[in-house]
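These notes concern the structure reproduced below.
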Amino acid sequence: MDALARLRSRMAGDGISAMLVSDPVNVGWLTGFSGTFGRVLVTPNDALFITDSRYVLQAREEVLGMDTASFGSPTDGDVFVAEKAISLGIEKLGFESATTTYSQWKRTSEKMAGVELEPVADIFSDLRMTKSADEIAKIKVACGIADAAFEHVIRMIQPGVTEIDICLDLEFYMRRQGADIAFPSIVVSGERSARPHGKPSEKKLEVGDFVTMDFGARVDGYNSDITRTVVVGQASPRHREVYAAVLEAQLWALDAIRAGAKARDVDGGTREILGKSDLAKYFGHGLGHGLGRVVHDGGRLSAMSDNVIEPGQIWTIEPGVYIEGFGGVRIEDDVLITETGIEILTHSTKELLILPQA
Ligand code: ZN
Ligand code: ZN
């Protein structure tokens, strides 16, 4: 079933007779459109893509299998959408309450005389969790570029190089492969590696530093998200102990995550493993998240999660330990859930690398 058919089936199940889709992430998922302004009117029998004059040519290329309409100055976009809705016989129109701001809603509802706007809870992040073959293929390309970027950047890791230099090199490499940056890359070293989401700084790498790099590529709107931690110069017994514990937890989770598993159990199991070496108290974030058009997409592997793992989903598995005054380790892979197991989509080595290599 394509995205439109899946949306219609969900709308039918939830008793929604018509939807206005406006969040660029959801518009992109539904139509393939990558511009910033698109609207889609969806009913059981009609689907109309609407954009403005800036995107007419782009929409012709990207939006296939759906009627399109466009407007230009001096037409008001909301009035135009309202007219189209009325011409499709829509009386009640669901809107995305999770991503529509109050002022957008107010403006649109004032202009949409004759159409009643109804809030619809976020059904899209649910729908987006199950990936099509085409989406999986794009995420695999994005993962391949992230792996290649890691392979590339480890060659420049040595004492004296700054975190910012490493970050720039990672990002330049991914851009040069034709990808976008999935999110601002994290490169943190030494004591700074105890900051799970630290920003790269002018700090120079020193012998005995952990260096944690968390980055991803975006290809045709689909993201990868990988983290590796390496050591500069020489690893102490404490480096090895902490790294081995995080790796053991990560490998355990890769083994435990299967169709039918509960997200919270997978998260909990890794905490038990880290608990054996008294490191669970340093693991403050969730084990992973859904990955797709959004880096932190629908779905969480955490103690609070109600998610159940299903085939077609893509998850990150990223346990971490962050010890103030010492440093931190995170190891993150992206995995596709299949009918029979998992496919790991990121392939960079997880052996503890001590760099530069002799
Ligand atoms: Zn990450
Ligand atoms: Zn992540």
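No value in this document is a laboratory result; all are computed from the given coordinates. It should be emphasised that the depicted structure is a prediction, and the values quoted were computed from it without experimental measurement. Cβ placement follows ideal geometry from the backbone for every residue including glycine, while neighbour counts extend to all protein chains displayed.
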If you fit an axis through the alpha-carbon atoms of helix 3-14 and take the longest principal axis of the Cα set of the chain, what angle between them do you get, 0 to 90°, nearest 10?
70
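Segment 175-267: which GluC sites (Glu not before Pro) are DSSP loop and have at most 10 other beta-carbon atoms within 10 angstrom?
Glu202
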Between Val56 and Thr99, what is 0.36 nm times their sequence separation minus the Cα-Cα distance? Round to one decimal in nm.
13.0 nm
Sorting Ser22, Ile164, Pro74 by the position of each Cα along the dipole of the chain (Lys, Arg +1; Asp, Glu -1; all at Cβ), the one nearest the positive end of that ordering is Ile164
Run a plain Debye calculation on the chain (Cα atoms as equal point scatterers, no solvent) and give log10 I(q)/I(0) at q = 0.07, 0.09, 0.13 Å⁻¹, rounded to two decimals, same order as the q list.
-0.36, -0.57, -1.00
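For His152 and Asp67, compute 0.36 nm times the residue count separating them, minus their Cα-Cα distance, and round to one decimal in nm.
Values: separation 85, 0.36 × 85 = 30.60 nm, distance 4.42 nm.
Contour length minus Cα-Cα distance gives 26.2 nm.
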Residues with amide H under 5 Å from that of Gly328, placed H, sequence gap 5 or more
Ser193, Ala194, Ile323
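Would you work out if segment 51-141 is rounded, prolate or oblate? Take a ≥ b ≥ c from the square roots of the eigenvalues of the alpha-carbon gyration tensor; rounded if a/c is under 1.5, else prolate when a/b is larger than b/c, oblate otherwise.
Values: a/c = 2.17, a/b = 1.34, b/c = 1.61.
Here segment 51-141 falls in the oblate category.
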What distance in nm separates the two pseudo spin-label positions at Asp2 and Asp14, each 7 Å out from Cα along the beta-carbon direction?
2.1
Using alpha-carbon positions, what is the distance between the centroids of segment 271-322 and segment 125-159, in Å?
18
Computed over the chain: longest principal axis from alpha-carbon atoms vs helix 133-153 long axis, angle to nearest 10 degrees, is 30
Between segment 160-178 and segment 204-257, what's the alpha-carbon centroid distance in Å?
17
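Per DSSP H run of at least 4 residues, take -39500 (n - 2.57); add these up for the chain, divide by its residues and hand me the 222 nm value, nearest 500 deg cm²/dmol.
Working: 10 runs with 123 residues, N = 358.
Computed mean residue ellipticity for the chain: -10500 deg cm²/dmol.
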Using a 7 Å offset from the Cα along the Cα-to-Cβ direction at both Ser132 and Ser201, what is the distance between the two label points in nm, to one decimal?
4.6
